[in-house]
Amino acid sequence: MLPTVLITGANGQLGTVLVPVLRERYGHDNVIATDIRPPLAGATGRFSLLDATDEESLRQLVRGEGVTQIYHLGAILSANGELNPLHTWRVNMDSLLNVLEVSRTEGVERVFYPSSIAVFGHHADLSCTPNHSVLNPTTVYGISKAAGENWAQYYFERYGLDVRSLRYPGIIGHQSAPGGGTTDYAVEIFHSAAAGQPYSCFLQSDTTLPMIYMDDAIRATLELMEAPTASIKVRTSYNLSGCSFSPADVAEAIQKILPDFEVRYAPDFRQNIAADWPDRIDDGPARNDWGWKPAYDLDRICATMLDNLLQRAEANSEVKD
Ligand code: VAH
């Protein structure tokens, strides 16, 4: 029996790519995209406006459509989250608690909850952060994700709700825009390079962070969600990594393809956030429990991003000619 899947935050960087993949996999009409904003231009398929902080609206939609799986992607990310801390806390926590409570009481079988490397802080070993580390996040986003992981584990242990979670690193893809995070530079830099423009980076050149290519992130999400229940041994959240690099590393990788590309560095408040995040994370439990293995290293990310963005720039210029 194919699931009926509801995605919150479907207009976001990950949701934009995940929705079509889920439709391909489970049937076009079995996947309901939702977001607090109307669908993006060009988006097709089933869509409902939904504010996930409104429990009754969520309940009516889940009950009315017979939803059996929820991917709760809606959240305010690390950088944007610092602009209005209490609003960020309320949006991120109220929406998650609504998803957990509605799922428990309406018979939803499986929930995906995205966490983040933002749950770590300077009390963890940031050189290669183990899955079970001290969590002392320094952003409201990270605080909400750390709390959310523990709520996910609570609903599994107390009610048996099958909630599964990944601590995403920075996600890099050409298909969608980043959503106000500290790792957004790693997407913006490729757009500048493909446009033949210099890039002004808001992090220091040597700030190494864990990253993952969009296709790897999507595949990891599906592999986690389709793994046998018995193999899921971590019910807070699994560390997930593709590769780690700094702005200087990615600039150098781009310059191997576009030698004239220039990067300047103008660190802002986001440097303070990134300074308390891991350089690398240990995703050994994900590899051991459900067979995770990344397919994209920095050079492959670079080649794939530039191939797609340069083709798009050429297509756009032909349209204008
Ligand atoms: C952010 N892209 O920067 C998100 C992510 C690991 C970072 O959670 O907030």
(message) When you check residue 115 against the structure, is it farther than 17 Å from residue 34 by Cα, within 16 Å of the ligand (Cβ to nearest atom), within 15 Å of the chain's Cα centre (by Cα) and part of a helix (DSSP H, G or I), yes or no?
(response) no
(message) Looking only at strands (runs of 3 or more DSSP E) that lie completely in the stretch 1-110, which have at least 1 residues being assigned by TED's automatic domain parsing to the domain that holds residue 145, more than 20 Å from the chain's Cα centre (by Cα) and among the small types (Gly, Ala, Ser)?
(response) 47-49
(request) Answer with yes or no whether residue 17 is crowded, with 16+ Cβ neighbours inside 10 Å, over 22 Å from residue 171 (Cα atoms) and in contact (Cβ under 8 Å) with a residue 60 or more places away in the chain. (result) no
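Within the stretch 223-259, can you find the residues that are without any contact (Cβ under 8 Å) to a residue 12 or more places away in the chain and within 22 Å of the chain's Cα centre (by Cα)?
At the first step, the residues of the stretch 223-259 found to be without any contact (Cβ under 8 Å) to a residue 12 or more places away in the chain are 226, 228, 230, 252, 255, 259.
Selection gives 226 alone.
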(message) Looking only at the stretch 165-185, count every residue that is within 9 Å of the ligand (Cβ to nearest atom) and crowded, with 18+ Cβ neighbours inside 10 Å and tell me the total.
(response) 11
(message) For a quick check of your reading of the model, give me the residue pairs whose first member lies in the stretch 94-112 and is closer than 14 Å to residue 235 by Cβ, whose second is among the β-branched types (Val, Ile, Thr), with beta-carbon atoms closer than 6 Å and at least 6 apart or on different chains.
(response) 111/70; 111/163
(request) Tell me, please, whether a residue that is acidic (Asp, Glu), farther than 22 Å from residue 248 by Cα and within 14 Å of the ligand (Cβ to nearest atom) can be found in the stretch 150-160. (result) no
(message) Can you go through 276, 307 and tell me which one is of a type outside the set (Ser, Thr, Tyr), in contact with a His (Cβ under 9 Å, 6 or more places away or on another chain) and farther than 24 Å from residue 119 by Cα?
(response) 307
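So, residue 105, is that one within 13 Å of the ligand (Cβ to nearest atom) and modelled with pLDDT of 95 or more or not? Outline the logic, then answer.
Values: within 13 Å of the ligand (Cβ to nearest atom): no; modelled with pLDDT of 95 or more: yes.
No, not satisfied.
The values are calculated or read from the model by the stated rules, or taken from the named source; none is laboratory data. What you are looking at is a predicted structure, and each value in this text was computed from that prediction instead of being measured. Quick reminder, even Gly has a Cβ in these numbers, built from the backbone with ideal geometry, and neighbours come from all protein chains shown.
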